[in-house]
Amino acid sequence: MLNDQAAGLRAMQSGHSMTESNIRKPVRVIAVASGKGGVGKTNVSVNLGVALSKMGNRVLLMDADMGLANVDIMLGLQTQYNLLHVLEGNKTLEEVIVEGPAGLKIIPAASGVSRMAQLTAAENAGIINAFSELNEQLDILLVDTAAGIADSVVSFCRAAQEVVVVVTDEPASITDAYALIKVLSRDYKLTRFRLLANQSHSSQHGKVLYEKLAKVCEQFLDVSLDYFGSIPFDHELRDAVQKQIPVTVYKPHSDSAQAFREMAYKIEKWPVPKGATGYLQFFVENLFQSRHE
């Protein structure tokens, strides 16, 4: 299968394997990352995806945590197929996509399969090349990366147009978020990041957390760290997680759901991707190249 995918990738890079409509369609590719696990990154990805879908966007959420996937768990979905089946050649990427709340499309990853956490560069490239098979038109591709600075995280962040770093106000989260930004900027020349403060006590609390991290980044790194916003600590959000329903669906009028909507509006106001960086094809090619550098 990988030989076939490699051939497909070469064709795609020459501009022949994707339809003209896919090639010309601007797609926002946003990687959601965190230096540390347990900060609510996947919850952020899911609720942003739902909020954006409710606003009429065609959104595809890719669970890119290859070893500990949990997007489907968070949504209470019983998925029959996932990226492992794509890797093994049993299913196409389009065949494993499932539909979640508000029309959000999801690409499930395999959970608890150690092999999926240790893919070779060729296997990773094979999975990503499967994007060329997608016929659906997209507005936004959200990539829920693994926590930390693993190779796959670096690759997805480098290939995306926007990198959202989720952080909470605890020393380990702040330190690890800085480490992630440092690696991506120092070793891979990423210069712009958007910070999302999760579990904030207030909007002011979120801004203080941003300013704390931005000050250190400005002092030691050559990066631009923008404040994306904050998600308040919300008991209704915790209830929604327990019920495996996005808070934007379960309690749409809650403080946290409102915060997600506000961030979705911000995303819609971000500059529309233009030129090569606006194509889904660029994401695929850039990701493939980053695997081999």
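The values are calculated or read from the model by the stated rules, or taken from the named source; none is laboratory data. None of these values were measured; they are calculated from a predicted model. For neighbour counting, all protein chains shown are included, and Cβ atoms are generated from backbone atoms with ideal geometry for every residue, glycine included.
Looking only at the stretch 77-92, residues that are surrounded by fewer than 20 Cβ atoms within 10 Å (Cβ to Cβ) and under 19 Å from the mean Cα position of the chain (by Cα) come to 1 in all.
For every residue, the table says whether it meets (1) at pLDDT below 95; (2) part of a helix (DSSP H, G or I); (3) of a type in the set (D, E).
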{"site": "K36", "(1), (2), (3)": "yes, no, no"}
{"site": "N43", "(1), (2), (3)": "no, yes, no"}
{"site": "N47", "(1), (2), (3)": "no, yes, no"}
{"site": "G56", "(1), (2), (3)": "no, no, no"}
{"site": "M62", "(1), (2), (3)": "yes, no, no"}
{"site": "M66", "(1), (2), (3)": "yes, no, no"}
{"site": "I73", "(1), (2), (3)": "yes, yes, no"}
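Contact map, the stretch 234-262: residues that are without any contact (Cβ under 8 Å) to a residue 24 or more places away in the chain and part of a helix (DSSP H, G or I) paired with residues that are of a type in the set (A, V, I, L, M, F, W, C) and crowded, with 23+ Cβ neighbours inside 10 Å, Cβ distance under 6 Å, separation 6+ or inter-chain. Pairs shown: A240/V247; Y250/A240.
Checking the stated criteria, A146 turns out to be of a type outside the set (S, T, N, Q), buried (at least 18 other Cβ atoms within 10 Å of the Cβ) and either at pLDDT below 95 or in contact with a helix residue (DSSP H, G or I) (Cβ under 7 Å, 6 or more places away or on another chain) (or both).
Taking the stated definitions as given, is L225 of a type in the set (A, V, I, L, M, F, W, C), at pLDDT below 95 and either outside any loop (DSSP other than H, G, I, E, B) or surrounded by 15 or more Cβ atoms within 10 Å (Cβ to Cβ) (or both)? No, not satisfied. Answer yes or no: is there a residue in the stretch 208-222 that is at pLDDT 90 or above, over 25 Å from A51 (Cα atoms) and buried (at least 19 other Cβ atoms within 10 Å of the Cβ). Yes, that holds for at least one residue. On inspection, E123 fails the criterion of being farther than 29 Å from R192 by Cβ, part of a helix (DSSP H, G or I) and either at pLDDT 85 or above or under 17 Å from the mean Cα position of the chain (by Cα) (or both).
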